[in-house]
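Notes for the one structure printed next.
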Amino acid sequence: MSADARSAAIDHADPLIIPGSTHHVGLAIRGELKLYFADGETLDCDDVQGMSAVRSSDEVGTTADGRPTLVVTRLMTHFHSNVTGLLIQQNPSRPNLGRLTGIAPGGPETLLPADVTFDQYLILALRGRLYVNTDPLVMEAAGITTFPPVGTTFLSKGATVFYDLADLPGGITQRDPGDAVPSLALASQSVCGSHLTHHIDMPVMDG
């Protein structure tokens with residue numbers, strides 16, 4: 001089996017590439033990402049960058065007002081900061097699902113421009129401790145014109161609290177925090193989100 005490193009260029013503005021596609025992208029955090037600890041300490045997260053991979057459903061549905069929509073699954077999330085030591089990984093025990101919905105009515109040909117939202121479950125590693133969220137960190141972008149939307153920032157709809165993994169009997173699979181007290185919250189004063197910086201198109205594999 002060989003890989004063709006000269007893979008054909010992909011038109012990321014073509015809505016018809018979205019259904020059934022898988023994409024890897026480079027990421028950076030834009031704006032002021034902060035961690036708020038229960039004891040009142042605040043940590044600015046500087047120089048945060050990483051990678052993500054997303055897969056789109058083959059099936060295109062239709063909203064009540066006639067717009068095309070499909071499910072998008074985040075396969076992998078990785079952020080790291082060399083400044084603070086923060087490491088952000090996707091929680092593999094929780095589905096990280098999103099939805100892309102075209103702005104205009106129609107079929108797959110109107111999947112762009114679109115609004116897209118993701119529910120993310122993460123594992124934060126910092127200062128020798130692990131933290132997880134049991135409620136999703138909801139990220140969204142409006143009016144994207146390419147897919148993946150390089151140059152677009154996904155904004156967090158609000159702060160999300162994280163619990164020390166040691167306080168959750170079910171570990172990363174815990175769905176309800178029960179009596180656990182949040183250890184920190186991830187929030188932003190301005191723009192909190194994954195700003196896609198570049199595509200990492202995978203070459204076609206010939207068997």
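Once the chain from Asp179 to Asp58 is taken as fully extended at 0.36 nm per residue, the excess over their C-alpha distance is 39.5 nm. Our analysis of segment 2-101 gives Rg over Rh at 1.08, with the two radii drawn from alpha carbon positions and Rh computed by the Kirkwood formula. Give the value in nm², to one decimal: projected area of the alpha carbon convex hull of segment 99-169, averaged over all directions. Over all viewing directions, segment 99-169 projects a mean Cα-hull area of 6.4 nm². Taking every alpha-carbon pair under 8 Å whose residues sit at least 6 apart, segment 55-142 reaches a relative contact order of 25 percent. Rounded to the nearest Hz, the phi-derived 3J(HN,Hα) couplings of segment 164-178 under the Karplus curve 6.51 cos²θ - 1.76 cosθ + 1.60 (θ = phi - 60°) are 5, 4, 5, 8, 10, x, x, x, 5, 8, 4, 9, 10, x, x, where x marks glycine and proline. Karplus-based coupling profile of segment 111-119, in residue order and whole Hz: 5, 10, x, 8, 9, 9, 9, 10, 9, with θ = phi - 60° in 6.51 cos²θ - 1.76 cosθ + 1.60 and x standing for Gly or Pro.
Readers should treat all values here as calculations from the given coordinates under stated rules, not as data from a laboratory. Bear in mind that the values here come from a model prediction, so they are computed numbers and not experimental data.
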